[in-house]
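Below you'll find the structure, written out as structure tokens, and then a few comments.
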Amino acid sequence: MSGAENESEFRDLLDWVTKHTGLKFREDQHRHTMTTLRRLMKMDCVEGFTEFRRRLERNPQLLSDAIDQLTVGETYFFREHQHFEFVRQKVIPDFRTRRGHHEPIRAWSAGCATGEEAYSLAIVFTQEHVSSTILATDLSTAAIEKAQRAVFRPWSFRGQASDAVRPFVTESGDQFTLSQRIKRRVQFQRLNLAANTYPAADNGTCNMDLILCRNVLIYFGAETVCEISRRLFKCLAPGGWLITASGDPRLVEHADYEVVACDHGVFYRRPLNAESAAKPAAKTAAGGRLRSSSPTDFEARQRASETLPDKTLPAKTPFAPPAYPVTKRVASVTTFNAADDFAETSSARQRRDDSDACLAQIKLVAATDPDRALQICRTATVRHPLVEELHYLHGVLLADADQPLMALESIRKAIFLNRSSVMSHFLFASIQRGQGQYGSACKHFRRVCELCALGNPNDVLPMSNGETIADIAVAAQSQLSRIESRRDP
Ligand SMILES: C[S@@+](CC[C@H](N)C(=O)[O-])C[C@H]1O[C@@H](n2cnc3c(N)ncnc32)[C@H](O)[C@@H]1O
């Protein structure tokens, strides 16, 4: 068979898998995908891609095995642990206020892999004495079987918050068996998120108070993401929450979600009632709805919790300054007309209400009192959760204050609000590089290069200190080369 025929059969096979599972195969990973498929074909004594496709059509178990190999079931306990803090501090109290202490919370870990996510949720509910039903689903039967065994290796405990699991496991050599107390709180079943089989009463996917669908949507094409987003919206009870991973595609465009941004991340919610859905509300940059126009109980609690010590992050971690100078960037920004802007709107009320004035004030204060600027900026991001530049500035100030992990959280929010922000991707990558997270840093530096290639090299970048597209493109490219050639320490 010619190379072209082979290639065409390979593509037909991928199209078929996409049609049946929603999985999208990135062009730049085709070679890796082809190697994986060939390995599977060899094990099944199949020569060509077309013959393998026929076998997959006839044999669901073989399809399931193939999917196991083609997707990454990468997971660990309390992954993105701030999401579990959000459940503890916001979702549970919110649920209890609305529905009392006795009704069980209905939760769903959609794309649960080997179960660490669902069990982390079960641990939080146990610690908080919350009655619950937890459904956990995945496309991979092998992953579900492993999840049901609930015996884990140390690799599942690599997250910084995974110590919380220790009281609930019995250790034997390098195996950790989860206690029955936690295990029995989760029901596993196979479910293909790309198939139109939910919401449905018979698979228990209706009326969910909380759905975690994290690090799954990245596998799907835009159309499938849109369909899944709509279906998940319908699965939520009014007031129910949807948590996706910070690297997942945005869902606001597809359904009438409220978007809530807070210290723990950016989350989606099905509006409590039709009235709140119809209420005029601030729109996110992406068109989502935010319930910030009139304060709700939730937001009042959210503000109260701002005073709580942040349990989710280490107080201070050593911060190696990124290659590109972030330090004191804010101070130099104040040389533009910040003082004039501020003078125009100097009343406290205007300052509070006007995010532009907040920005100007923060930049002005940062020149002389960075700690105070950080404080003001933190409050401003709560008051104006949809203003990208405030989150970016918060990130810059946190990085300057040697708080790289919190800085990354803030910049993540800025990126969520504007995926095309060159400066946010650049700052994110620079901090990650300083943290030794080279893989992810490269990803963001590459994104910077892609975005820069779309613009005019002489244009000054928004939120920058006057740097042009060309300046940042060169800086990003140079960082990439350094990391990739491993000249970086
Ligand atoms: C990276 S893991 C995410 C695990 C967990 N949610 C987390 O964030 O740690 C992705 C999981 O998505 C599952 N998956 C991929 N396509 C799916 C589909 N169409 N329906 C359901 N699950 C799917 C994979 O089998 C894999 O277990």
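The values are calculated or read from the model by the stated rules, or taken from the named source; none is laboratory data. Since the model is a prediction, treat every value here as computed from it, not as a measurement. Here the Cβ is made from the backbone with ideal geometry for all residues, glycine too, and neighbour counts use every protein chain on show. Side chains included, ligands, DNA and RNA excluded: accessible areas come from the protein's heavy atoms. Shrake-Rupley method; radii C 1.70, N 1.55, O 1.52, S 1.80 Å.
Val72 falls short on exactly one of the conditions (1) on the phi < 0 side of the Ramachandran plot; (2) of a type in the set (A, V, I, L, M, F, W, C); (3) away from the ligand (no atom under 15 Å from the Cβ), and that condition is (3). Might you let me know whether segment 164-178 holds any residue that is more than 11 Å from the ligand (Cβ to nearest atom), over 28 Å from Leu272 (Cα atoms), aromatic (Phe, Trp, Tyr) and loosely packed, with under 15 Cβ neighbours inside 10 Å? So far as segment 164-178 goes, no, none of its residues is more than 11 Å from the ligand (Cβ to nearest atom), over 28 Å from Leu272 (Cα atoms), aromatic (Phe, Trp, Tyr) and loosely packed, with under 15 Cβ neighbours inside 10 Å. Arg419 meets each of the listed conditions (1) of a type in the set (Lys, Arg); (2) more than 26 Å from Val266 (Cα to Cα); (3) not in a helix (DSSP H, G or I) apart from (2).
Let's see how each residue does on (1) open to solvent by 60 Å² or more (accessible area, probe 1.4 Å); (2) in contact with a Phe, Trp or Tyr (Cβ under 7 Å, 6 or more places away or on another chain); (3) hydrophobic (A, V, I, L, M, F, W, C); (4) not in a helix (DSSP H, G or I):
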position	(1), (2), (3), (4)
Gln69	yes, no, no, no
Gly73	no, no, no, yes
Phe78	no, yes, yes, yes
Gln82	no, no, no, no
Glu85	no, no, no, no
Pro93	no, no, no, no
Thr97	yes, no, no, no
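Residues in segment 202-216 that are open to solvent by 50 Å² or more (accessible area, probe 1.4 Å) and modelled with pLDDT under 95: 1 in all.
With the structure loaded, tell me whether Val91 is more than 15 Å from the ligand (Cβ to nearest atom) and among the β-branched types (Val, Ile, Thr) or whether it fails that test. Step through it out loud before you land on a result.
Numbers: more than 15 Å from the ligand (Cβ to nearest atom): yes; among the β-branched types (Val, Ile, Thr): yes.
Spelling it out, Val91 is indeed more than 15 Å from the ligand (Cβ to nearest atom) and among the β-branched types (Val, Ile, Thr).
Just give me the residues in segment 118-144 being within 16 Å of the ligand (Cβ to nearest atom) and assigned to a loop (DSSP other than H, G, I, E, B), in sequence order. Lay out the reasoning, then the answer.
First pass over segment 118-144, keeping only residues within 16 Å of the ligand (Cβ to nearest atom): 118-124, 134-144.
Matches in segment 118-144: Leu139, Ser140.
When Gln189 is tested against (1) under 24 Å from Ile123 (Cβ atoms); (2) open to solvent by less than 20 Å² (accessible area, probe 1.4 Å); (3) of a type outside the set (Asp, Glu), just one condition goes unmet, and that condition is (2).
Which count do you get for residues in segment 226-239 that are more than 9 Å from the ligand (Cβ to nearest atom) and open to solvent by less than 10 Å² (accessible area, probe 1.4 Å)?
As a first pass, look at segment 226-239 and keep what is more than 9 Å from the ligand (Cβ to nearest atom): 226-227, 229-239.
Then drop every residue that is not open to solvent by less than 10 Å² (accessible area, probe 1.4 Å), which leaves 229, 232, 235-237, 239.
Number of matching residues: 6.
Being of a type in the set (Gly, Ala, Ser) and modelled with pLDDT of 95 or more is the filter here, so list the residues in segment 147-163 that pass it. The answer is Ala147, Ala150.
Would you call Val422 in the same structural domain as Cys449 (by TED's automatic domain parsing) and either within 19 Å of the chain's Cα centre (by Cα) or at pLDDT 90 or above (or both)? So that I can check it myself, show each step before the final result.
On the way: in the same structural domain as Cys449 (by TED's automatic domain parsing): yes; either within 19 Å of the chain's Cα centre (by Cα) or at pLDDT 90 or above (or both): yes.
Considered against the rule, which asks whether it is in the same structural domain as Cys449 (by TED's automatic domain parsing) and either within 19 Å of the chain's Cα centre (by Cα) or at pLDDT 90 or above (or both), Val422 comes out as yes.
Every condition in (1) touching a residue at least 40 places away in the same chain (Cβ under 8 Å); (2) within 28 Å of Lys24 (Cβ to Cβ) holds for Lys146 except the one numbered (1).
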